[in-house]
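This report concerns only the one structure given below.
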Amino acid sequence: MTSMIVHTREELKSAIAHANPKSLGFVPTMGALHEGHERLFDKARAENELVVISIFVNELQFNDAQDYANYPRDLDTDLVMATRAGVDIVFAPPAEEIYHAGKPLIQLHSGILGEMYEGASRPGHFDGMLAVVAKLLHLADPRQGEYRAYFGQKDAQQLALIRRMVADLDYPVELCSVPIVRSARGLALSSRNALLNAEQLEAALVLHRAIELIASRAARHEPLNIDDALGLFQMEPSVELDYFVVVDPNTLQELAFICQDTPFTGEALILVAAKVGGVRLIDNQPI
């Protein structure tokens, strides 16, 4: 059966009430769906009676108007994937339905977690992200039964911020994460990959090579020496590295030492961001 598509908050509320589910799994997306999203849908389908997704390209989290304009949009193709994955309801609102009172005058502030890494490179990005996620979590809330929301681990900083928002503001929702889905050659799947040509896709593989270099050393409890990973980026002139860091997985604070000379022990998270042909890509891996 084809997924039901709704465009207004009232239609969404009515569709959820009509289904009267014992459990609801919600997956917020910006569309341009790919296999990574499908894994989220599959997990939500396996764990809930009703699966709802949203497709909304949120202008507030773009600090570059051209990036917002270029973001891939293909609702018809997205609906095909949603139906194939067994999604029950697709909420695809226009901007005025989400921001019905205009651009919000009062917004959540992402704090220190939102000011580093992606937040430093894209000022205001995480404030805008939290604004829409906060709204969507309210709109999809079934008000009864079990309520779960699903996010991919590829956006590690985003996931950390949403976890903190849900905890700080006492949202009645269980957050569930799904591991990164990669291409056969290791590139993290992303809607932005569709903007890259074949040559750029090849160059983008350096993100995964650099991660794997450090992850393999961590697995062997060797010194990480991330300068070697930085050297890999220097050999890819079409890739503009923003950051490659090893951080505490809970606080996202960069480790006080990066094990240049001493063996790595414990747990950490590798974070990387780079531009390839003007397209910003991110990746991460726990170690």
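Just give me the residues in segment 210-246 being in contact with a Leu (Cβ under 9 Å, 6 or more places away or on another chain) and closer than 10 Å to residue 287 by Cα, in sequence order.
214, 217, 218, 246
Looking only at residues in segment 142-172 that are more than 15 Å from the chain's Cα centre (by Cα), within 28 Å of residue 189 (Cα to Cα) and in contact (Cβ under 8 Å) with a residue 60 or more places away in the chain, which one is least open to solvent (accessible area, probe 1.4 Å)?
Residue satisfying both the conditions and the ranking: 147.
Please give the number of the condition residue 44 fails out of (1) closer than 22 Å to residue 94 by Cα; (2) in contact with a Lys or Arg (Cβ under 9 Å, 6 or more places away or on another chain).
So residue 44 meets the others, but not (1).
Give the residues of segment 241-255 that are among the hydrophobic types (A, V, I, L, M, F, W, C) and in a strand (DSSP E or B), sorted by residue number. Spell out how you get there, then give the answer.
At the first step, the residues of segment 241-255 found to be among the hydrophobic types (A, V, I, L, M, F, W, C) are 241, 244-247, 252, 255.
If the condition is that a residue be among the hydrophobic types (A, V, I, L, M, F, W, C) and in a strand (DSSP E or B), then 241, 244, 245, 246, 247 are the ones that fit.
Specify the residue that is surrounded by the fewest Cβ atoms within 10 Å (Cβ to Cβ); the eligible residues are those in segment 76-87 that are in a helix (DSSP H, G or I) and not small (Gly, Ala, Ser).
We begin by selecting, within segment 76-87, every residue in a helix (DSSP H, G or I); these are 76-84.
Now restrict to residues that are not small (Gly, Ala, Ser): 76-81, 83-84.
On the way: 76: 6, 77: 13, 78: 24, 79: 19, 80: 14, 81: 18, 83: 15, 84: 12.
Residue satisfying both the conditions and the ranking: 76.
Taking segment 47-58 as the region of interest, how many residues are part of a loop (DSSP other than H, G, I, E, B), open to solvent by 10 Å² or more (accessible area, probe 1.4 Å) and closer than 19 Å to residue 94 by Cβ? Can you show your working first?
Applying the first criterion (part of a loop (DSSP other than H, G, I, E, B)) to segment 47-58 yields 48-49, 56-58.
From what is left, the residues that are open to solvent by 10 Å² or more (accessible area, probe 1.4 Å) are 48-49, 56-57.
Restricting the remaining residues to those that are closer than 19 Å to residue 94 by Cβ gives 56-57.
Residues that pass the stated criteria total 2.
Looking at (1) open to solvent by 10 Å² or more (accessible area, probe 1.4 Å); (2) at pLDDT 95 or above; (3) assigned to a helix (DSSP H, G or I), which one does residue 129 not meet, given that it meets all the others?
The single condition residue 129 does not satisfy is (1).
Matching residues to (1) open to solvent by 80 Å² or more (accessible area, probe 1.4 Å); (2) modelled with pLDDT of 95 or more; (3) of a type in the set (S, T, N, Q); (4) closer than 29 Å to residue 17 by Cα:
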site	(1), (2), (3), (4)
60	no, no, no, no
74	no, no, no, yes
89	no, yes, no, yes
104	no, no, no, yes
111	no, no, no, no
122	no, no, no, no
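Identify, from the list 217, 209, 192, 185, the residue that is outside any helix (DSSP H, G or I) and of a type outside the set (Ser, Thr, Tyr).
185
I'm trying to understand the selection: among the residues of segment 228-279, which are open to solvent by 30 Å² or more (accessible area, probe 1.4 Å) and under 19 Å from residue 199 (Cα atoms)?
Result: 232, 234, 235, 236, 237, 238, 240, 241, 275, 277, 278.
Which of the residues spanning segment 6-37 are among the charged types (D, E, K, R) and at pLDDT 95 or above? Break it down into steps so the answer makes sense when it comes.
So in segment 6-37, the residues among the charged types (D, E, K, R) come out as 9-11, 13, 22, 35.
The answer is 9, 10, 11, 13, 22.
If you take the residues of segment 195-206 that are assigned to a helix (DSSP H, G or I), open to solvent by less than 50 Å² (accessible area, probe 1.4 Å) and hydrophobic (A, V, I, L, M, F, W, C), which of them is nearest to residue 269 (Cα to Cα)? Show your work before the answer.
Applying the first criterion (assigned to a helix (DSSP H, G or I)) to segment 195-206 yields 195, 198-204, 206.
When the remaining residues are screened for being open to solvent by less than 50 Å² (accessible area, probe 1.4 Å), the result is 200, 203-204, 206.
Okay, now just the ones that are also hydrophobic (A, V, I, L, M, F, W, C), so 203-204, 206.
On the way: 203: 23, 204: 20, 206: 18 Å.
Across segment 195-206, the extreme among qualifying residues is 206.
The values are calculated or read from the model by the stated rules, or taken from the named source; none is laboratory data. Computed from a predicted model, the values in this text were never measured in an experiment. For neighbour counting, all protein chains shown are included, and Cβ atoms are generated from backbone atoms with ideal geometry for every residue, glycine included. Quick note on the areas: whole protein, heavy atoms, side chains included, nothing else; ligands and nucleic acids left out. Shrake-Rupley method; radii C 1.70, N 1.55, O 1.52, S 1.80 Å.
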